[in-house]
Amino acid sequence: MPNILLAFSDTGGGHRAAATALADALRDLSPDAELTLSDPYAASRRWPFDRLSAAYPRVVNHASWLWHGGFRLTNTPRVTRALQALAWPALRPAFRALEAAQRPDVVVSTHPLLTSPLRRAFPDVPLVVVVTDLASGHRSWYDRSASLVAVPTRRAQSQALASGVKASRLEEHGVPVSRDFAAQPGERSVLAAQLGWSVVRPTVLLMGGGDGVGPLELLAERLDAAQLPCDLAIVAGRNAALEARLRARAWRGTVHVYGFVNGLGRMFRAASAIVTKAGPGTISEACAAGCPLVLSGAIPGQETGNVEHVVANGAGVWAPSAPLVVDAVRSWCRGEAALDARTSAAEAALAIGRPDAARDIARRVLTLAELQRRDPRPPVHHSGSNHRQRSRPSVSRPSLMPCTVRHVDLMRSAL
Ligand code: UDP
């Protein structure tokens, strides 16, 4: 029975979403697989690691210069390795406990800061790194000892190669997204009706990642004040204070306010456009849903490349201020050319969407799990890396094993 550990960190919502999409795909392909979803940092009870998810929205909202500075200073293989070595003594107990509890056949990581500690804690288990940054991710993603590094785009592939990952361990699949985001032709107005949205007027979805970061309130206010021929749906995510303020406001037009929504697939498929920061999860889901994007901001560093990816492919526009956002939405809602412009951006989004990424990566994970169960090998040292790892030829065709299922969520559990 394949036993797979999927590790993520709740810094934002994208890493968990990718891990969850993969878990769903694994369950579809191998219903009896034993899957464990875990946020090892949250469970570590070691400051500052156990505070990452709470600190992330604050730093991003109020000190993005600090985030950018940290990203740039640490974004070299040498500094990355040094910091990971420094952090390991504090993380060792939690990761060792995870290792003792799980005994997986394959470990999957969807967060760059997990790659190194997972490799140390599970030296003789195949590690699959699923990169969720589209084009300008941090160097710490790219561990040369990983059995497989799944990247979302060609640009990420070049980055991985430049960081020393062997081409034979590198595959381009896209960011794993839940199958609920995959667009079906002609469904938009049916879904809009189910959601209680207008079936006549377009609805523009406004959001800021899992934590509702960025100037969402200001953007909502300006869009509402512009009285455009569209309704608004605002997803505040885990930002409860923002949700409360938005709900308390008197709006001129129709505005639907939501907090954290579990499973945004239906909304993305029903929306006519999405205004968002350039989060890779949201972008990948919007493209799978064929929904064009207005990118109102980007976390400096890892999200900068995402903007280029969207704009260069015609799937959306870069509008880094409230007036630019209003102009962009207006150009897709008002005037004779609006529908054509919106439709062609929606088609471009669909063209770069990868709704099957989760399933494709899940197949590869199951192949590695099967190999590991059939032929566990002693660990070897990998040149150029401090970590021990198995050397194993890559095999491209999976053969799935029927088995018994267990799904455990270790999120926030004490180890
Ligand atoms: N998300 C969600 N419910 C919400 C808000 C966001 O499930 O109410 C998910 C969204 O579908 C996406 C993720 O959170 O998968 C946000 O990821 P992204 O990479 O865009 O930004 P992050 O929050 O990681 O910075």
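Residues that are within 13 Å of the ligand (Cβ to nearest atom) and β-branched (V, I, T) were ranked within the stretch 1-36; the one that is surrounded by the most Cβ atoms within 10 Å (Cβ to Cβ) is T11. Pairs linking a residue in the stretch 164-184 that is in the same structural domain as W141 (by TED's automatic domain parsing) to a residue that is of a type in the set (F, W, Y) and more than 15 Å from the ligand (Cβ to nearest atom), with Cβ atoms under 9 Å and 6 or more positions apart or on different chains, are G164/Y142; V165/Y142. Whenever a residue of the stretch 115-131 is within 17 Å of A19 (Cα to Cα) and polar (S, T, N, Q), its partners that are outside any loop (DSSP other than H, G, I, E, B) and modelled with pLDDT under 95, lying with C-beta atoms within less than 9 angstrom and at least six residues away or across chains, give the pairs T115/Q84; T115/S140; T115/W141.
Residue under question is V106, and the condition is that it be under 22 Å from the mean Cα position of the chain (by Cα) and assigned by TED's automatic domain parsing to the domain that holds L366; does it hold? Taking the combined requirement at face value, the residue satisfies it. Identification of strands (runs of 3 or more DSSP E) wholly contained in the stretch 211-304 with 1 or more residues that are within 8 Å of the ligand (Cβ to nearest atom) and under 25 Å from the mean Cα position of the chain (by Cα) yields 231-235, 255-258, 273-277. If you go through the stretch 155-206 and keep only what is under 23 Å from the mean Cα position of the chain (by Cα) and among the aromatic types (F, W, Y), you end up with just F181. The single residue among D327, D360 that is surrounded by fewer than 20 Cβ atoms within 10 Å (Cβ to Cβ) and assigned by TED's automatic domain parsing to the domain that holds G13 turns out to be D360.
Scanning the stretch 1-52 for residues that are in contact with a helix residue (DSSP H, G or I) (Cβ under 7 Å, 6 or more places away or on another chain), more than 24 Å from V235 (Cα to Cα) and of a type in the set (F, W, Y) gives Y41, F49.
Scanning the stretch 78-92 finds no residues that are within 16 Å of the ligand (Cβ to nearest atom) and either over 21 Å from R16 (Cβ atoms) or at pLDDT 85 or above (or both).
Criterion first (within 27 Å of R334 (Cβ to Cβ), touching a strand residue (DSSP E or B) at 6+ places or on another chain (Cβ under 8 Å) and surrounded by fewer than 18 Cβ atoms within 10 Å (Cβ to Cβ)) does T254 satisfy it?
Spelling it out, T254 is indeed within 27 Å of R334 (Cβ to Cβ), touching a strand residue (DSSP E or B) at 6+ places or on another chain (Cβ under 8 Å) and surrounded by fewer than 18 Cβ atoms within 10 Å (Cβ to Cβ).
Assessment of the stretch 249-260 against the conditions (among the β-branched types (V, I, T), out of contact with any helix residue (DSSP H, G or I) (no Cβ under 9 Å at 6 or more places or on another chain) and not assigned by TED's automatic domain parsing to the domain that holds S136) yields at least one matching residue.
The values are calculated or read from the model by the stated rules, or taken from the named source; none is laboratory data. Small disclaimer: the values here were computed from a predicted structure and weren't measured. FYI the Cβ positions are ideal-geometry reconstructions off the backbone, even for glycines, and counts take in every protein chain you see.
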